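The values are calculated or read from the model by the stated rules, or taken from the named source; none is laboratory data. These numbers were taken from a predicted model, which means no experiment stands behind them. Each accessible area value is taken on the protein alone, full model and side chains, heavy atoms only, with ligands, DNA and RNA left out. Shrake-Rupley method; radii C 1.70, N 1.55, O 1.52, S 1.80 Å.
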Amino acid sequence: VGEDRAGGGEGGCGTVDVEAMRRAGALLEGRRDFASFQSKGGRSTTVRTLHRCDVRWCEGEGLAITLEGDGFLYNMARIVAGTLLQVGVGCRSASSVEQVLAAADRVAAGPTAPAAGLCLEHVEYERPWGGERGASREAAGQDDVVVDEAS
């Protein structure tokens, strides 16, 4: 996969519009209901805060999607990546992610991207000063998870 002049990638399916993917990713940032981006239910709430959704083309490596949030639903990162890829190849508009969020229905989102290339970089837990070792997550504060997904 090579880089084209617009900064996107070119592969077997054509040019990837990285800028459109960035615009779509920006619409996912913030505190939102990500029910459409989970592959199975069971959570008491599907509201999460996505602090960062970054899409970039890495020379020699390809597309990289970086997500930072306060928690992720089952397969959420992979479904976000699949949806953004649909935007990148022109199967849906960047603004369509707003309708996906509003639908709160898994069928509204894109496919679940393959796990190949998925990388959990690190997990951060906020802990109050003087907190005891092994304190529960609730007592320690919310976690901040970083997932880096490349296809």
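Computed with every protein chain present, the accessible area of Tyr74 is close to 130 Å² [probe 1.4 Å].
Glu29 to Ala116: extension gain in nm, 0.36 nm per residue of separation minus the Cα-Cα distance? Provide the component values of the computation, followed by the final result.
Working: separation 87, 0.36 × 87 = 31.32 nm, distance 2.40 nm.
Going from the current span to full extension adds 28.9 nm.
Computed with a 1.4 Å probe over protein heavy atoms only, the accessible area of Cys91 comes to about 100 Å².
Taken one residue at a time, the phi angles of the stretch 17-25 give Karplus couplings (6.51, -1.76, 1.60, θ = phi - 60°) of 8, 5, 5, 5, 5, 5, 4, 5, x Hz. Gly and Pro are set to x. In this structure, the amide hydrogen of Glu29, modeled 1.01 Å from its nitrogen in the peptide plane, lies closer than 5 angstrom to no residue at least 5 positions away or on a different chain.
Where does each of His122, His51 land when they are ordered by accessible area, with a 1.4 Å probe and the largest first?
His51, His122
Compared with the direct C-alpha span, the chain from Ser93 to Tyr74 gains 4.4 nm at full extension, assuming 0.36 nm per residue. Computed on protein heavy atoms with a 1.4 Å probe, the accessible areas place Glu29, Glu126 in the order Glu126, Glu29, largest first.
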